[in-house]
Amino acid sequence: MTPHKDNLDIEISLLLDAIYQKHGYDFRQYSQAHIARRVNNRMLITGLKNVTEVHAKVLHDETFAAELLRDLSITVTEMFRDPEFYKSLREKVIPILKTYPFIKIWHAGCSTGEEAYSMSIILKEEGLYDRATIYATDFNQQALNRAKQGIFSNELMKEYTLNYQLSGGKESFSKYYTSSYDNVIMHQSLGKNIVWANHNLVTDSVFAEVQMIFCRNVLIYFDRNLQNKVHSLFNASLIKGGILCLGSKESLRFNNAHTTYNELDSKHKIFKKKY
Amino acid sequence: MQYKAIVIGVSLGGMNAMKVLFASLPSTFSIPIIIVQHIGARSDNMWINFINTTSNLKLKEVREKEKVELGNVYVAPANYHLLVEMDETFSLTIDQRVNFARPSIDVLFESAAAAYKDKLIGIILTGSNKDGAAGVKRIQEYGGLVVVEDPETAESNTMPLAAIATTKPDHILPLKKIVDLLIQLEQNNLAS
Ligand SMILES: C[S@@+](CC[C@H](N)C(=O)[O-])C[C@H]1O[C@@H](n2cnc3c(N)ncnc32)[C@H](O)[C@@H]1O
């Protein structure tokens, strides 16, 4: 029997080949159900009837292609997302970071920057900010541009403030931003040691040697092979004894990487690289 | 007909409904069940333990990338969408909310419909929103079986009514009868 796939499957896989060849973004090892959903969404918005029409537009219509690429990168994020995780970070990881004269932290898949600003705040409160550099990277340039600006919607601040408090925040959260109309702008000093950079985890190589890597809610979008590939990238970037933080529903269970790390906090997915 | 999976969408009133459902399904029930229950973003899914105190089958939260196995009951984690891949493994995303919900019933149902085609049973239980209505429509388009809790007996009838508005359900039944139907379908499965 020859392997036989659904038409939809075939069309999506051809589309992803086209996106890769034409635009250099490689989504071929992303969760296909997620990709199908995003493509379908774009079809509904633009009134295209099938994936073959999407395929043609991706090749010939730059604006459409840019929109679809943005659709495929989900930028949903929060400040102090999973407050309990940040609490654990303060208690279990900060003492380790304090032992280093210089601290380099890589936020891979930083989206619009909420996580990097959260980290800046913690480092300030723990007296570590001046010896720290945060490399915040994403492959979505639009998200990075927004991150750099540090402007967030006012509506979100209520939730972020609650998250901050639940995470063991020591100050009044409003100390870290200035409100103007519908937005708040994060204080400049918080961005001082953040380096924003475009980096694609699938197609780019090792980024820097660092003491800690955050990659939360990014690997969930990748299949197991790609997860393994990215874990070797992390392994090559992280010093021995360094810290890896994953999202709350992510684990190393299915990855080759599980032998590389000890669990520092299994509930909050904080790992320490073995010596 | 051989059914390979059951997806259940439930919202307001779900705790009672699931208590009834799982107190009555036998421990030998083999078709995998996958549940989206609308729940607060910060919930740690402790309600699963509550259902498990009286359930013969054991409910568990889905783990990213795990394979759908016979005899298991899976629950979507709070604040993540749950999708079924073509190879019958699970994936999670933190995509935008759909119908104000994450996890969303539509997201699970639409992906499961693509993966299981006519081998899927979709069930909409009590709830006070419209999530799931597009999902059961997709299941029906693929030839799967659609079952909706009787709006007359559901604790909250909006979600069943919305599902009935988009599909012609194969069955509209009170909860206890849904259990009987599932047991019968599983028997047919084993016989064929
Ligand atoms: C759901 S957000 C997570 C944001 C943040 N880490 C959090 O947990 O709140 C996922 C981010 O991963 C980024 N991403 C996805 N694929 C990527 C890739 N191949 N390389 C770099 N970033 C990627 C997306 O652009 C998006 O900003």
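The values are calculated or read from the model by the stated rules, or taken from the named source; none is laboratory data. If you're wondering where the values come from, they're calculated on a predicted model, not measured in any experiment. When we count neighbours, we look across all protein chains shown, and the Cβ atoms used for this are built from the backbone with ideal geometry, even at glycine. Each accessible area value is taken on the protein alone, full model and side chains, heavy atoms only, with ligands, DNA and RNA left out. Shrake-Rupley method; radii C 1.70, N 1.55, O 1.52, S 1.80 Å.
Can you find a residue in region B:46-55 that is within 14 Å of chain A (Cβ to nearest Cβ) and within 27 Å of residue A:222 (Cβ to Cβ)? Working first, answer last.
Taking region B:46-55 as the starting set, the residues that turn out to be within 14 Å of chain A (Cβ to nearest Cβ) are B:46.
Still in the list and also within 27 Å of residue A:222 (Cβ to Cβ): none.
No, the conditions are met nowhere in region B:46-55.
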Of residues in region A:205-222 being part of a loop (DSSP other than H, G, I, E, B) and either more than 9 Å from the ligand (Cβ to nearest atom) or modelled with pLDDT under 95 (or both), the one most open to solvent (accessible area, probe 1.4 Å): A:209
From the options A:149, A:142, residue that is farther than 30 Å from residue A:229 by Cα and either at pLDDT 95 or above or open to solvent by 60 Å² or more (accessible area, probe 1.4 Å) (or both): A:149
Any chance residue B:122 is part of a strand (DSSP E or B), among the small types (Gly, Ala, Ser) and more than 9 Å from chain A (Cβ to nearest Cβ): yes
In region A:238-275, the residues that are within 14 Å of chain B (Cβ to nearest Cβ) and within 16 Å of the ligand (Cβ to nearest atom): A:246, A:247, A:248, A:249, A:250, A:251, A:268, A:269
Positions within region A:188-204 being out of contact with any strand residue (DSSP E or B) (no Cβ under 6 Å at 6 or more places or on another chain), more than 9 Å from the ligand (Cβ to nearest atom) and not polar (S, T, N, Q), in sequence order: A:190, A:191, A:192
Selected residue (only one of B:153, B:158 is more than 16 Å from the chain's Cα centre (by Cα) and open to solvent by less than 60 Å² (accessible area, probe 1.4 Å)): B:158
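Could you tell me whether residue A:165 is away from the ligand (no atom under 16 Å from the Cβ), within 14 Å of another protein chain (Cβ to nearest Cβ) and at pLDDT 95 or above?
Numbers: away from the ligand (no atom under 16 Å from the Cβ): yes; within 14 Å of another protein chain (Cβ to nearest Cβ): yes; at pLDDT 95 or above: yes.
Criteria met by residue A:165.
Please go through region A:170-182 and pick out each residue that is open to solvent by less than 60 Å² (accessible area, probe 1.4 Å) and modelled with pLDDT of 95 or more. So that I can check it myself, show each step before the final result.
So the first thing to find is which residues in region A:170-182 are open to solvent by less than 60 Å² (accessible area, probe 1.4 Å), and the list is A:173, A:176-177, A:180.
Residues satisfying the conditions are A:173, A:176, A:177.
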Some residue of region B:164-177 being surrounded by fewer than 19 Cβ atoms within 10 Å (Cβ to Cβ) and hydroxyl-bearing (Ser, Thr, Tyr): yes
Total residues in region A:232-259, condition over 20 Å from residue A:73 (Cβ atoms), outside any strand (DSSP E or B), modelled with pLDDT of 95 or more and in contact with a strand residue (DSSP E or B) (Cβ under 9 Å, 6 or more places away or on another chain): 2
Subset of region A:119-169 [of a type in the set (Lys, Arg) and more than 21 Å from residue A:182 (Cα to Cα)]: A:124, A:131
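How many of the residues making up region B:102-152 are without any contact (Cβ under 8 Å) to a residue 24 or more places away in the chain and in contact with a Ser or Thr (Cβ under 9 Å, 6 or more places away or on another chain)? Give the steps one after another, and end with the answer.
So the first thing to find is which residues in region B:102-152 are without any contact (Cβ under 8 Å) to a residue 24 or more places away in the chain, and the list is B:151-152.
Those left that are additionally in contact with a Ser or Thr (Cβ under 9 Å, 6 or more places away or on another chain): B:151.
Result for region B:102-152: 1.
So which residues in region A:109-160 are of a type in the set (S, T, N, Q) and either away from the ligand (no atom under 13 Å from the Cβ) or within 14 Å of chain B (Cβ to nearest Cβ) (or both), if there are any at all?
Within region A:109-160, A:111, A:112, A:120, A:133, A:149, A:153, A:154 meet the criteria.
Quick check on region A:223-237: of everything there that is open to solvent by 10 Å² or more (accessible area, probe 1.4 Å) and within 14 Å of chain B (Cβ to nearest Cβ), which residue is nearest to residue A:104 (Cα to Cα)?
Step one: filter region A:223-237 for residues open to solvent by 10 Å² or more (accessible area, probe 1.4 Å), giving A:223-225, A:228-229, A:232-233, A:235-236.
Checking which are within 14 Å of chain B (Cβ to nearest Cβ) leaves us with A:223-225, A:228.
Numbers: A:223: 28, A:224: 28, A:225: 27, A:228: 23 Å.
Result: A:228.
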Residue match in region A:243-262 (condition: of a type in the set (Ser, Thr, Tyr), out of contact with any His (no Cβ under 8 Å at 6 or more places or on another chain) and surrounded by 20 or more Cβ atoms within 10 Å (Cβ to Cβ)): yes
Restricting region B:83-102 to residues that are more than 15 Å from the ligand (Cβ to nearest atom) and closer than 24 Å to residue A:29 by Cα, the residue that is surrounded by the most Cβ atoms within 10 Å (Cβ to Cβ): B:84
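Quick one: how many residues across region A:18-41 are part of a helix (DSSP H, G or I), surrounded by 14 or more Cβ atoms within 10 Å (Cβ to Cβ) and of a type outside the set (A, V, I, L, M)?
Of region A:18-41, the ones part of a helix (DSSP H, G or I) are A:18-23, A:32-41.
From what is left, the residues that are surrounded by 14 or more Cβ atoms within 10 Å (Cβ to Cβ) are A:18-20, A:23, A:32-41.
Checking which are of a type outside the set (A, V, I, L, M) leaves us with A:20, A:23, A:32, A:34, A:37-38, A:40-41.
So the count comes out to 8.
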